Structures are given as structure tokens and as C-alpha cells.
Amino acid sequence: MNRLVLMSTLVAAILVAAVVAVMYSSSGADRTKSAEEPSLAAPKATAAAKPFPAPKGEPVLRMEGVARGNVSAHVTEVDFATLDQAASKEITIREPFIKRQMTFNGIPMDELLRRAGADPATRTVRLHALDDYHVDLPTADLRSAGLLATRADGQKMAIAKGGPIRLVFTGDGKTARDSDNWIWSVNSIRVKR
């Protein structure tokens, strides 16, 4: 009889230990996740992104090579008010040119590309600036860490200060570390295969 009580107690202790271990590892995973660097990539949802409406004001961004466009079959144009309204993220980062912490508001590049109708298999995106500067960037890097900013420190950005929209990055990946990729005064994006 004592042996039966002892075995029952041992089994109960093992079960309690297993439950505690599972609970501890779950809460540990949550703590690790919250300590990770924030990502700009949208949650992995399968819902279709709401396309941009045709611009009501002067377009500040023209996106070419998209599957569905709002001004022609493969061209989407967006005015500043629409982009600013879509600016769902706020990040504080060290700005590489001014060399100080700045807060940017903008739309994650992943969301921008989805809403414009960019093919998910696209590998490269060319961003072009008002001064004719351009850069080809890997789509995966843009989707995971790129933000098309409409405001800096809560203010609209003047063209003389790199506005009205510009590309900034979170994280310290290879693309983000190269300040040549932090393109100012973006006016067009071409989605390339």
C-alpha cells in the first residue's frame, strides 16, 4: 500500500513539473518576443490589402509595375494626404545624416507595396527621388525594415529637408546600414521582377 501511495505521489509530482515547465517556457517565449527589435513587416495575414484610391490632390508618389493601378492598369499614384493618413507606424531611430534620434511617422513598405498591388514575388524595387537620385533595393529588406515616412518629429517634411516623403529603416541589416539607401524626397517607385 505504501508503494502505491509513493507511486501516485511521484506521478503527480512529474505531472505538476511538466505543467510548470510548459507554462514557464510559454511565458519565456513571450518575454523573448517582446525584447526583440520591432519589425515593420505586417502580420502574416492572408486578407487582401485595401488598394489606394485615385489621388484627390497633387500626387507625391507614383508606383509603376504593380498588378492593379488606380490611374492606369499598372500605375498607382498617391497624394500626400492619403499617404499621411496611411502612416500607421511611429519609430524613433538614429538618423544617419543628422546623427541624432528622430521620430518618424509613415507607412511600412510592406503595406505600401501590398496596397499598391505589387507582386509578392517581386525581388527588386527602384526608388527614385526628385533630384533624379535612384537606388535599387531588395524587396525583402524593404518589406521587413523599410518605412516610407511622411513626418519627422511630428512635422511634415519640406522638400528642402528631404520631404515630402522619404525612406527610413529600422534595424541594422546590410541595406539599413548603408546610408545611400535612405533616399530623400522619394517621388516614384518601380516594382521590378
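Readers should treat all values here as calculations from the given coordinates under stated rules, not as data from a laboratory. Please read these numbers as outputs of a predicted model, since none were measured by experiment. We place every Cβ from the backbone using ideal geometry, glycine too, and count neighbours over all the protein chains shown.
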(request) Order by neighbour count: Val71, Val78, fewest other Cβ atoms within 10 Å first, most last. (result) Val71, Val78
(request) Take the alpha carbon gyration tensor of the range 60-151, find the square roots of its eigenvalues, order them as a ≥ b ≥ c, and report rounded if a/c is under 1.5; if not, report prolate when a/b exceeds b/c, else oblate. (result) prolate
(request) Per residue of the range 110-118, in order, report the coupling 6.51 cos²θ - 1.76 cosθ + 1.60 (Karplus, θ = phi - 60°) as ³J(HN,Hα) in whole Hz, putting x for Gly and Pro. (result) 4, 5, 4, 5, 5, 5, 7, x, 5
(request) Just rank Leu148, Leu130, fewest to most, by other beta-carbon atoms within 10 angstrom. (result) Leu130, Leu148
(message) Test of understanding: what is the full-extension gain from Arg177 to Ala140, defined as 0.36 nm times their sequence separation minus their Cα-Cα distance?
(response) 11.8 nm
(request) Step through the residues of the range 49-61 one at a time and calculate ³J(HN,Hα) from phi using the Karplus curve (6.51 cos²θ - 1.76 cosθ + 1.60, θ = phi - 60°), rounding each to whole Hz and writing x for Gly and Pro. (result) 7, 6, x, 6, x, 4, x, 9, x, 4, x, 10, 9
(request) Tell me the trypsin sites (Lys or Arg not before Pro) within the range 51-140 that lie in a loop according to DSSP and have at most 14 other beta-carbon atoms within 10 Å. (result) Lys56, Arg68, Lys99, Arg123
